[in-house]
Amino acid sequence: MAVIISIVNQKGGVAKTTTAINVAAALGAMGKKVLLVDLDPQGNATAGLGISGGAKRDLEYTTYDVIMGEVRPAQAVVATKFKGLSLMPSTQSLAEAEIKLLKFENKNMQLKKAILQIRDEYDIIIIDCLPSLGVLALNGLNACDRIIIPMQCEPYSLEGVAELIAIVKRVKKSTNRNLQIMGIAFTMVDSKLKVNREVMRAIKTKFPEDIFFNTEIPRNVKITEAPSHGEPIMYYDPASKGADAYARLAREIARKCKAMEEML
Ligand code: ADP
Ligand code: MG
C-alpha cells in the first residue's frame with residue numbers, strides 16, 4: 001500500500017514541482033513503484049516528464065477527469081519512459097475544477113476518494129500541488145498521509161510556511177487525522193551567499209529541529225535546464241550536483257516511508 005505524499009507550499013516558484021519530479025524519478029530508479037499526480041493546472045510536472053505540446057493535447061484523461069469523478073484514476077495514469085515512474089497528468093482544464101468542485105458535497109475529498117482506488121498498486125504516490133490554498137490544494141492535503149514543504153532560504157518564506165502549518169493542523173483536526181509533516185526541505189540553496197546561511201539559521205530556530213531534511217538542494221543550473229528537455233535531473237545530467245542532492249533527499253524520504261510502513 002502506497003505512502004501518499006503531497007508536496008505543498010502556497011507560494012509559487014519554491015521548487016515544489018522540481019522536488020516532485022526529481023524525488024519521484026529517484027525513488028523509481030531505486031526500485032519503488034511510483035505514481036506522480038500533477039495537481040496543478042500549469043501542468044509543469046507533466047511537461048517536466050516530457051509530455052508537452054501535442055502530446056499534452058492528445059491526453060485522453062487527466063487529473064481533472066479524476067477529481068471530478070468522471071473516470072477511474074487508473075484511466076488517467078500514463079506510463080513514462082523513466083524507471084518505475086507513472087504519471088497522472090494535468091492540463092489547464094484542471095483550473096475549472098477549482099470552481100466546479102464548490103458544488104460537491106465533499107469538495108475537499110474528491111482526490112482522496114479516487115487515489116484510494118489505486119493505492120495498492122504503488123509503493124509511493126507523490127502529489128505535486130498548485131501554489132494556492134484553495135479547494136484543489138485542500139484536496140491535495142486531504143488525499144495524503146504526509147506532506148513535504150519545499151522552502152527557499154529567504155526571510156519572507158517564514159510567514160508563508162507558518163500559515164501553511166496552521167492550515168495543515170486544521171486539516172488534521174477535521175478531515176485527515178493521520179496527516180503529518182514529513183519534513184521541510186530547503187531548496188535553491190546558494191551556500192556561497194552568507195545571507196542564505198544566516199537566514200537558514202534564523203528559520204531553523206523557529207521550528208523543531210527534526211522537521212528539516214538533512215539534505216539541502218543547491219541552486220544548480222542543470223536543474224533549471226532539465227524540464228525543457230522533459231527529463232528529471234538524474235537522467236538529464238546524472239553527474240550534476242542537483243542529481244546527487246535529489247538522490248540523497250529521495251533516500252531520506254524512502255527511509256521515512258519505511259519507518260511509516262512498519263508503524264502501519
Ligand atoms: P513551484 O512548483 O514551487 O512553483 P518550480 O519547481 O516550478 O517551483 O521551480 C521554479 C523555478 O525554479 C523553475 O524554473 C525551476 O527550474 C527552478 N529551480 C527549482 N529548483 C532549482 C534549483 N535547485 N536550482 C536552480 N533552479 C531551480
Ligand atoms: Mg509547480
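Can you pull out every residue in the stretch 23-75 that is β-branched (Val, Ile, Thr), within 13 Å of ligand 2 (Cβ to nearest atom) and in contact (Cβ under 8 Å) with a residue 60 or more places away in the chain?
Result: Val37, single match.
Let's see how each residue does on (1) surrounded by fewer than 22 Cβ atoms within 10 Å (Cβ to Cβ); (2) within 21 Å of Asp38 (Cβ to Cβ):
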| site | (1), (2) |
| --- | --- |
| Gly84 | yes, yes |
| Ala95 | yes, yes |
| Lys103 | yes, no |
| Arg119 | yes, yes |
| Asp123 | yes, yes |
| Ile127 | no, yes |
| Leu130 | no, yes |
| Val135 | yes, yes |
| Gln180 | yes, no |
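I want to confirm something. Restricting to the stretch 2-22 and keeping residues that are more than 21 Å from Ala162 (Cα to Cα) and of a type outside the set (A, V, I, L, M, F, W, C), which single residue is farthest from ligand 2 (Cβ to nearest atom)?
The first filter runs over the stretch 2-22 and keeps only residues more than 21 Å from Ala162 (Cα to Cα), leaving 2-4, 18, 20-22.
When the remaining residues are screened for being of a type outside the set (A, V, I, L, M, F, W, C), the result is 18, 22.
Numbers: Thr18: 8, Asn22: 12 Å.
This residue is Asn22.
State all residues of the stretch 1-44 that are of a type in the set (Gly, Ala, Ser) and either over 28 Å from Glu154 (Cβ atoms) or over 9 Å from the mean Cα position of the chain (by Cα) (or both); if no residue qualifies, say none.
Result: Ala2, Gly12, Gly13, Ala15, Ala25, Ala26, Gly28, Ala29, Gly31, Gly43.
Among the residues of the stretch 44-54, write down those that are touching a Gly at 6+ places or on another chain (Cβ under 9 Å) and outside any loop (DSSP other than H, G, I, E, B).
Ala47, Gly48
Checking Lys33 against (1) within 13 Å of ligand 1 (Cβ to nearest atom); (2) more than 21 Å from Ala95 (Cβ to Cβ); (3) surrounded by fewer than 24 Cβ atoms within 10 Å (Cβ to Cβ), which single condition isn't satisfied?
Tallying (1) within 13 Å of ligand 1 (Cβ to nearest atom); (2) more than 21 Å from Ala95 (Cβ to Cβ); (3) surrounded by fewer than 24 Cβ atoms within 10 Å (Cβ to Cβ), Lys33 fails exactly one: (1).
How many residues are farther than 17 Å from Glu96 by Cα and crowded, with 18+ Cβ neighbours inside 10 Å if we restrict to the stretch 60-75?
So the count comes out to 1.
Any idea which residue in the stretch 208-228 is farthest from ligand 2 (Cβ to nearest atom), counting only those that are surrounded by fewer than 14 Cβ atoms within 10 Å (Cβ to Cβ) and closer than 13 Å to Lys241 by Cβ?
Ranking the candidates gives Val221 first.
Please determine, by comparing only the residues of the stretch 169-186 that are in contact (Cβ under 8 Å) with a residue 60 or more places away in the chain and touching an Asp or Glu at 6+ places or on another chain (Cβ under 8 Å), which one is nearest to ligand 1 (Cβ to nearest atom).
Ala185
Look through Thr205, Thr187 and report the one residue that is hydroxyl-bearing (Ser, Thr, Tyr) and loosely packed, with under 14 Cβ neighbours inside 10 Å.
One residue alone meets the criteria, Thr205.
Could you give every pair whose Cβ atoms fall below 7 Å, whose first residue belongs to the stretch 86-102 and is without any contact (Cβ under 8 Å) to a residue 40 or more places away in the chain, and whose second residue is of a type in the set (D, E, K, R) and surrounded by 14 or more Cβ atoms within 10 Å (Cβ to Cβ), counting only separations of at least 6 or pairs across chains?
That search, which allows pairs on different chains as well, returns Leu101/Lys107.
Laboratory data are not the source of any read-out in this text; all were calculated from the coordinates shown. The structure presented is a predicted model; accordingly, all values stated were derived computationally and were not measured. All Cβ positions, glycine included, derive from the backbone under ideal geometry; neighbour counts span all protein chains shown.
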